[in-house]
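Contents: one structure, followed by commentary.
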Amino acid sequence: MKPSGRRGRPPTPGLRESILRAAEAVFTRRDYHEVQMDDVARACGVGKGTLYRYFPSKRELYFAVTFDGIGRLRGEIAAAAASSEPAARKIEHIVRRTLAFFWDRRGFFTLIHRNELKPDADVREWFTTRAGLTRLVEQTMRQAIAAGDVRGVDPRIATEMLFGMMRAVNRYRTRADAFEPLVQSVVDVFMRGVATPVGQRRIARAGGVAVVARTRGGRLHDGRLGAPAA
């Protein structure tokens with residue numbers, strides 16, 4: 001998010017960044033609706049007027065904090081995607097880092113969704129930022145497909161499915177849910193699916209979605225048609 005264009009005294013070097021760091025700590029400890037601008041002003045040791053000069057509203061401050069953090073998250077995902085680890089491990093790292101980032105930022109998507117049909121500047125920035133993240137993950141998905149870690153599905157759709165799973169898990173988790181088991185659940189369900197071989201055969205017999213698997217000889221086999229896949 002770009003700094004506010006409000007007129008006034010010239011900005012103090014480093015103060016905006018200090019406010020963002022302090023605000024991040026406050027928003028991480030408490031839900032969005034519980035935070036007051038007074039809380040942030042006290043946390044960063046500035047007057048409320050100074051805080052409003054940099055960020056005219058709590059919503060603007062919250063988005064600035066979140067987009068600043070997403071920039072760091074993108075760097076972490078880029079580093080994971082560029083590593084020499086197997087593609088399947090890269091997917092696990094992406095899930096863990098993404099869930100960790102949004103773990104204490106559940107209010108972010110609530111605010112985004114309120115304006116998703118009539119996008120404002122913040123929502124448009126999120127769409128742009130999200131596109132950058134999905135490109136990185138799709139790159140990893142293509143690597144996983146090429147390595148044989150993921151079936152030959154549409155990498156763009158697979159990427160959106162993975163993001164959808166992470167978003168749903170974070171949105172609907174309860175206070176009793178622990179972080180690491182949720183990470184493992186997302187990775188497990190995405191990489192292996194939820195259907196057992198029995199369930200897959202039943203779908204195939206009912207004429208449903210084709211179950212494509214590799215035979216021992218390495219050929220693709222369409223479980224629904226009972227013949228080698230095209």
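For T174, the stated conditions hold: it is at pLDDT 85 or above, in a loop (DSSP other than H, G, I, E, B) and hydroxyl-bearing (S, T, Y).
Quick check: anything in the range 30-40 in contact (Cβ under 8 Å) with a residue 60 or more places away in the chain and not hydroxyl-bearing (S, T, Y)? Yes, the range 30-40 contains at least one residue that is in contact (Cβ under 8 Å) with a residue 60 or more places away in the chain and not hydroxyl-bearing (S, T, Y).
Among the residues of the range 60-73, the ones that are charged (D, E, K, R) and modelled with pLDDT under 90 come to 2 in all.
For the range 61-102, the candidate set comprises residues that are of a type in the set (D, E) and either touching a residue at least 60 places away in the same chain (Cβ under 8 Å) or in contact with an Asp or Glu (Cβ under 8 Å, 6 or more places away or on another chain) (or both); within that set, the residue that is nearest to A147 (Cα to Cα) is E92. Can you find, within the range 130-189, the residue that is farthest from P86 (Cα to Cα) among those that are without any contact (Cβ under 8 Å) to a residue 24 or more places away in the chain and acidic (D, E)? Here the answer is D177.
Taking V150 as the residue in question, decide whether it is within 23 Å of the chain's Cα centre (by Cα), modelled with pLDDT of 85 or more, in the same structural domain as H93 (by TED's automatic domain parsing) and farther than 23 Å from D104 by Cβ. So V150 fits the description; yes.
The values are calculated or read from the model by the stated rules, or taken from the named source; none is laboratory data. Just so it is clear, the model here is predicted, and its values are computed rather than measured. As a convention, Cβ positions derive from the backbone with ideal geometry for all residues, glycine included, and neighbour counts pool all protein chains shown.
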